[in-house]
1. Would a scan of segment 169-181 turn up a residue that is of a type in the set (Asp, Glu) and either within 15 Å of Ile124 (Cα to Cα) or out of contact with any Asp or Glu (no Cβ under 7 Å at 6 or more places or on another chain) (or both)?
2. Filter segment 197-219 down to the residues that are open to solvent by 60 Å² or more (accessible area, probe 1.4 Å), of a type in the set (S, T, N, Q) and part of a strand (DSSP E or B) and list them by number.
3. Being within 20 Å of Ile72 (Cβ to Cβ) and within 18 Å of the chain's Cα centre (by Cα) narrows it down to one of Leu154, Leu119, so name that one.
4. For segment 12-34, what are the residues that are open to solvent by 20 Å² or more (accessible area, probe 1.4 Å) and over 18 Å from Glu83 (Cβ atoms)?
5. Restricting the search to segment 35-67, which residues are open to solvent by less than 20 Å² (accessible area, probe 1.4 Å) and farther than 30 Å from Phe183 by Cα?
6. Condition first: open to solvent by 40 Å² or more (accessible area, probe 1.4 Å) and at pLDDT 70 or above. Now tell me which residues in segment 220-242 satisfy that.
7. Would you mind listing the strands (runs of 3 or more DSSP E) fully within segment 86-196 where at least 1 residues are at pLDDT 90 or above, surrounded by 15 or more Cβ atoms within 10 Å (Cβ to Cβ) and out of contact with any Pro (no Cβ under 8 Å at 6 or more places or on another chain)?
8. Report whether or not Ile137 is among the β-branched types (Val, Ile, Thr) and within 15 Å of the chain's Cα centre (by Cα).
Amino acid sequence: YPLYGGQIVTMAFSEEENILVCGTKMGYLLYYQLDKNKNLNFEDPMYINAHNDEITSISINETLHLCASSSIDGYIMIYTLPEFSLVRSIQVSKNVNEADISEEEFIFANNIFISSSPLPCIIIFISSKQLFIIYNINGKYIGEVEECEDSKKLNSPIIFKNLEFQEFLFYGTDDGYIKIRSFPNMKMINMIKPFEGQEIKTIEISLDKRYCYAWSFSNKIVVIKDSSVVGIDIKENKEKKGNEKNEEDIE
């Protein structure tokens, strides 16, 4: 727990970069570096006075060696890794297409994602507007995509990379769907409803990318094995005998 900087409200971990980054209510980023034994020293983090308000989301991209954070005051900060040098800041307005905006017209991102393939970009999700806003890596506005009106949150979002290194976003919704969108255009690839009318709290993908697990408040776990879940064809192990049939959802 930090000696100062306020309560930790969000975090992101990168095994490849060997870092843990935490965001606090007071706008600080706490930067922990793993040692050669993959251990964290929680007593001596690097404190970065990144924002003037509570941090809402953190994203780490290992390919681009970048870390981005967003906060309630509407700012997005982008840092290089591992030195954590600030390279760019973006402030999101209520009317992202308008050049002239006042201080009162800024809104905050609930989620932020950095994608490296096929196009380096930054994607934010604004819950209050049910909107994905897309920027290129230099902070230039590219476009926006509306989310379904019934999906107020992105629960347990995961960035997944297929065999062609195309990146996808997996997330659960409060109206019971698992949704898959492709970066950077946020096109809907697939939408699955394992729970009828129940919020999906957590999703996870197995290391071999063959299974998707989902959990809801019903205390049931659904296991989905289907290449269409990730919107791509997953190559089967040639040593396996015969052709495996897609398994039905298991409750």
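The values are calculated or read from the model by the stated rules, or taken from the named source; none is laboratory data. Note that the coordinates shown come from a computational prediction; the quantities given were computed from them, not determined experimentally. Cβ placement follows ideal geometry from the backbone for every residue including glycine, while neighbour counts extend to all protein chains displayed. These accessible areas exclude ligands, DNA and RNA; they are computed on the full protein's heavy atoms, side chains included. Shrake-Rupley method; radii C 1.70, N 1.55, O 1.52, S 1.80 Å.
1. For segment 169-181, residues of a type in the set (Asp, Glu) and either within 15 Å of Ile124 (Cα to Cα) or out of contact with any Asp or Glu (no Cβ under 7 Å at 6 or more places or on another chain) (or both): absent.
2. Listed by number, the list holds a single entry, Thr202.
3. Among Leu154, Leu119, only Leu154 is within 20 Å of Ile72 (Cβ to Cβ) and within 18 Å of the chain's Cα centre (by Cα).
4. Within segment 12-34, Phe13, Glu15, Lys25, Met26 meet the criteria.
5. Pro45, the sole residue that qualifies.
6. Lys220, Ile221
7. On the way: elements: 86-91, 111-115, 121-126, 131-136, 141-146, 155-161, 167-172, 178-182, 187-192.
Where strands (runs of 3 or more DSSP E) fall fully within segment 86-196 and carry at least 1 residues being at pLDDT 90 or above, surrounded by 15 or more Cβ atoms within 10 Å (Cβ to Cβ) and out of contact with any Pro (no Cβ under 8 Å at 6 or more places or on another chain), they are 86-91, 111-115, 121-126, 131-136, 141-146, 155-161, 167-172, 178-182.
8. Numbers: among the β-branched types (Val, Ile, Thr): yes; within 15 Å of the chain's Cα centre (by Cα): no.
No, not satisfied.
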